[in-house]
Ligand SMILES: Cc1ncc(COP(=O)(O)O)c(C=O)c1O
């Protein structure tokens, strides 16, 4: 427990303006309660004495005493003779320091796909010992099966157009560092996958955004930004977009490729999530497929990023880039500044995985379908005021709260053993306080526990009486 002390002046600074429509003591108690709930006053912090706060605020002591009493009555303040009043959380749940197990709703990381274990047994890893054991562009055999899959899906590709990377994030960072010159502008979606934003900024890009919702892209806006700003690069996630789960319509893809070509913008299409189709009734194949029809032959076309992290297992750290041979050449040349190559062992396994993809993806789909259903049902039942989307795929629900308090919810849940990422983390300007990304990748028992914590915390944040758990927790809901 923290044992720091908050001065009257510091507390008044945190409190700010009070709601004038309420009695002063009530408004004051409410404000302090919210500060404790969202973690800005840490549990265990000693608050100033009533007398000190009254003097500093220029209010009567009776008002402050009444406010503190409200907080004591609702278990947000514990007062002990001789040691003053300390911030607390009701219901006796442990604070951050004493919490033991965290439920993870922060990372959208699914477990290894069913069937992966068997593949380990089939691969002869000894081959990896024959050579150096790592390489800059990737094993020819692996690049060949990846290229074949693109060709089969309508995008003719040679192994020379593929570079194997250590995951999708590595691919994004390498592309950003190689292709972005300082102060180039780069277009990204908002909300977006936050580490892509980080990588582009670190490479020196000036980032501009175009909106995406669970309903999709604002195509007019996107084309307008491409035409007026002419960004050097545009990073887009057109299939089961992270975090919204939206998919871009085929005709929208055509417009974007055409406009980007005219403006000289390099499209970087992240298909890390593209194989996570649960029940989208169409499959448009790789985005870059459309470029073949539109672009003059010989032009470079979009750069595509792929990864096995979400569809198979993140522990492989295996992804790739598909691009023109000249872009691949530049990336291979630039790579040693950051790393010296992908390990052969992972590549040997990946080759076997890509050969077995249809079977493995069917397993992944079943997992995602079940987990999406469970999380949606739990949320609908326990948080009926929230707007729960129904994405056709991906790993999470970009959920709309009934009031903007995503950061407060996140910090309070963290104190109760539930890790979350608040909506603003997916923006570049602090927007999306009304949203929270809820991945459905955790085990079912954790989804169940996590939603209970969400519901109880939200009730408290909203000023309702906390929902206390009456019945023992059942493991293995549904
Ligand atoms: C859109 C997108 N791209 C890339 C990544 C990173 O993938 P990897 O684990 O392969 O580095 C993620 C991970 O969440 C993602 O959502």
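Any read-out appearing in this document is the output of simple, stated calculations on the displayed coordinates, not a laboratory observation. Predicted, not measured: the structure shown is a model, and the values here were computed from it. So basically every Cβ, Gly included, is an ideal-geometry build from the backbone, and we count neighbours across all protein chains shown.
Quick check on the chain: what are the equivalent-ellipsoid semi-axes from the Cα gyration tensor, as sqrt(5λ), descending, whole Å?
Here the semi-axes work out to 48, 25, 21 Å.
For residue 324 and residue 283, what is the calculated FRET efficiency with R₀ set at 22 Å and r taken between the beta-carbons, to the nearest 0.05?
Details: r = 25 Å, r/R0 = 1.12.
E between residue 324 and residue 283, to the nearest 0.05, is 0.35.
As a check on your grasp of the helix formula, calculate [θ] at 222 nm for the chain: sum -39500 (n - 2.57) over DSSP H runs of n ≥ 4, divide by the residue count, round to the nearest 500.
Numbers: 16 runs with 191 residues, N = 478.
Value at 222 nm, helices only, nearest 500: -12500 deg cm²/dmol.
Treat the count of other C-beta atoms within 10 Å as a stand-in for reagent exposure and order 117, 310, 425 from fewest to most.
Details: 117 9, 310 24, 425 19.
Least to most surrounded, the residues fall as 117, 425, 310.
Calculated FRET efficiency, residue 445 and residue 60, Cβ-Cβ r, R0 35 Å, to nearest 0.05? Kindly include the intermediate steps, with their values, before the conclusion.
Working: r = 51 Å, r/R0 = 1.47.
Step by step, r from the Cβ atoms, then E = 0.10.
What's the whole-number percent of alpha carbon pairs in the range 116-355 lying beyond 26 angstrom?
35 percent
State the Cα centre-to-centre distance between the range 196-218 and the range 220-234 in whole Å.
12 Å
Fully extended, how many nm does the chain gain between residue 74 and residue 151 (0.36 nm per residue separation, minus their Cα-Cα distance)?
Result: 21.3 nm gained on full extension.
Based on other C-beta atoms within 10 Å, arrange 145, 237, 225 from fewest to most.
145, 225, 237
R0 = 41 Å: FRET efficiency of residue 132 with residue 182, Cβ-based, nearest 0.05?
Working: r = 34 Å, r/R0 = 0.83.
Taking R0 as 41 Å, the efficiency between residue 132 and residue 182 is 0.75.
Only bridges whose two residues both fall in the chain count here: according to DSSP, what percent of them are antiparallel, nearest 5?
Of the beta bridges lying entirely in the chain, close to 60 percent run antiparallel.
Can you put 18, 34 in order of Cβ neighbours within 10 angstrom, beginning with the fewest? Write down the numbers at each step before the final one.
On the way: 18 13, 34 20.
Result, fewest neighbours first: 18, 34.
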